[in-house]
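The next block holds one structure in the form of C-alpha cells; read it before the comments.
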Ligand SMILES: NC(=O)c1ccc[n+]([C@@H]2O[C@H](COP(=O)([O-])OP(=O)(O)OC[C@H]3O[C@@H](n4cnc5c(N)ncnc54)[C@H](O)[C@@H]3O)[C@@H](O)[C@H]2O)c1
C-alpha cells in the first residue's frame, strides 16, 4: 500500500541508553491498564521493583489479564488515585512514578464532567502534593495527550502549538499536565509529561470505543462483523505501545527531561479510510462502512492531527521503531487469541 501522507519514516536507532532500573522502586498509576501494564512488563524485564496502583473500575481499561505471566513479579494495590491517604502512603520511598491513571473517554468526559475533573485534574494535584510532602526526590512521568491541542492550526503539531482543548477531558488533562510542570518548576519535584497520540497494541480496550475507535474496529473485525468508519478522511498517527513504553523509560531516566513536555508520534500518517483498508487487508478479510460522524461526537472531533516528535528525538533519542502494519498485525494476533478476556 502506498502512503500518500508520509511525513517521514522515522525508524529510530535510539541514541540514548536506558538508565539501570534494576531494583529501582517504581509505582505505576493505572498499572493494570493498556499502557501501564505494558510498561510493567518491561520494568519487570529490567529487574525493577514494580507496584501497580489501579482502581479497576469497569468503564476503564484496567484488566487483571493484562498482567498474566508477571503477576508473581509485581505488587498490585487496588486503590483509587482520588484517595489522598492511600496515595500518600503508596508514593513514599518510590524512585519513580509513572503516572498513567486516567479517565480516557472524551464522550464520557462530556456526560460526566465531574468524574473526569476528579480523576484527571484534582487527583493529579494530590499525587503531586503527596510527593512534595513525603517524597520530593521522586521522578514522575505523566501521561498527557495530544487532545490538549484541540483542532490544530498547523501540522505536524509541535509542542509550541497553542493549547485549545475541545472537550472536558482535554481541559482536565491539560491542567493535570501543567500541575506536573509547575511542581517541577516551583518545588523541584522532578516531572515531565509525554503527550501521547493514538497508542495501539495488545491489551488496549476493545470492549467499546472508550479508549480508542480502533478498539471497536478490532473487536468487530475479529467477530466477523462490519465496523463503521466515521467520515474517514481525518488524518492520524499511531504509536505502537512498546515504543510508548520506551519513551516513558527514557523520560524517567534522563535529567534533561525535567520540566519538559514531549510529543510522541508515529512513523506514518494515514486517513482513517486508509487505516481501515490496511486493517482489513492484514486481517485477511472483513468489511467496513463509511458513515457521517454522529453529531454528538462531531462537536468534539479534532479533525486532522499528527505530531512533530522532533523534540523528544533530539533530547532523548526517541523515535517509533514499529511500523504501522506490524503494529496492527501484532494487535490482531493478540486479540485472535485472547478476545474473550477483553469483552
Ligand atoms: N491510549 C491512548 O491512545 C492514549 C492517548 C493519549 C493519552 N493517553 C493517556 O495514557 C494513560 C493510560 O491510558 P491507557 O490507554 O493505558 O488507558 P487505560 O484505560 O487502559 O488505562 C488507564 C488505567 O487507569 C485506571 N484508572 C482510571 N481511573 C483511576 C483512578 N481513579 N484510580 C486508579 N486507577 C484509575 C484504569 O482502571 C486503567 O487501568 C491515560 O492517562 C491516558 O489519558 C492514552
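The numbers here are math on the coordinates, done by the rules we state, and not lab data. Just so we're clear, the structure is a prediction, and the values are computed from it rather than from any experiment. As a convention, Cβ positions derive from the backbone with ideal geometry for all residues, glycine included, and neighbour counts pool all protein chains shown.
What to note about this one:
- Extension gain, residue 301 to residue 45, is 88.3 nm, computed as 0.36 nm per intervening residue step minus the present C-alpha separation.
- Whole-Å semi-axes of segment 131-252's equivalent ellipsoid (Cα gyration tensor): 31, 18, 13
- Shape class for segment 61-134, computed from the alpha carbon gyration tensor (a ≥ b ≥ c): oblate, with a/c not under 1.5 and a/b at or below b/c.
- Translational D in µm²/s for the chain (Stokes-Einstein at 10 °C, 1.306 mPa s, Kirkwood Rh from C-alpha pairs): 79 µm²/s
- With the simple model of a label 7 Å out from the Cα in the direction of the Cβ, residue 111 to residue 125 spans 2.7 nm.
- Our summary of shape: the Cα atoms of segment 180-301 have principal axis extents of 52, 32, 25 Å, ordered from largest down, in whole angstrom.
- Cβ-derived FRET efficiency at R0 45 Å, residue 17 paired with residue 340, nearest 0.05: 0.65
- Förster-model FRET efficiency, 30 Å R0, residue 56 and residue 230, C-beta, rounded to 0.05: 0.50
- Here the relative contact order of segment 154-241, from alpha carbon pairs under 8 Å that lie six or more residues apart, stands at 21 percent.
- Relative contact order %, segment 249-343, counting alpha carbon pairs below 8 Å whose residues are six or more apart: 46 percent
- Nearest 10 degrees, 0 to 90: helix 324-338 Cα axis against the chain principal axis: 80 degrees
- Rg in Å to one decimal, and Dmax rounded to a whole Å, for segment 259-343 via C-alpha atoms: 16.4, 46
- 0 to 90° range, to nearest 10: angle between helix 213-222 axis and the chain longest Cα axis: 60 degrees
- For the chain, the relative contact order works out to 21 percent when only alpha carbon pairs closer than 8 Å and six or more residues apart are counted.
- In this simple spin-label approximation, residue 223 and residue 65 carry label points 7 Å from Cα along the Cα→Cβ vector, and these lie 1.4 nm apart.
- Against the compact-protein benchmark of 2.2 N^0.38 Å, the Cα-based radius of gyration of segment 39-182 scales to 1.10.
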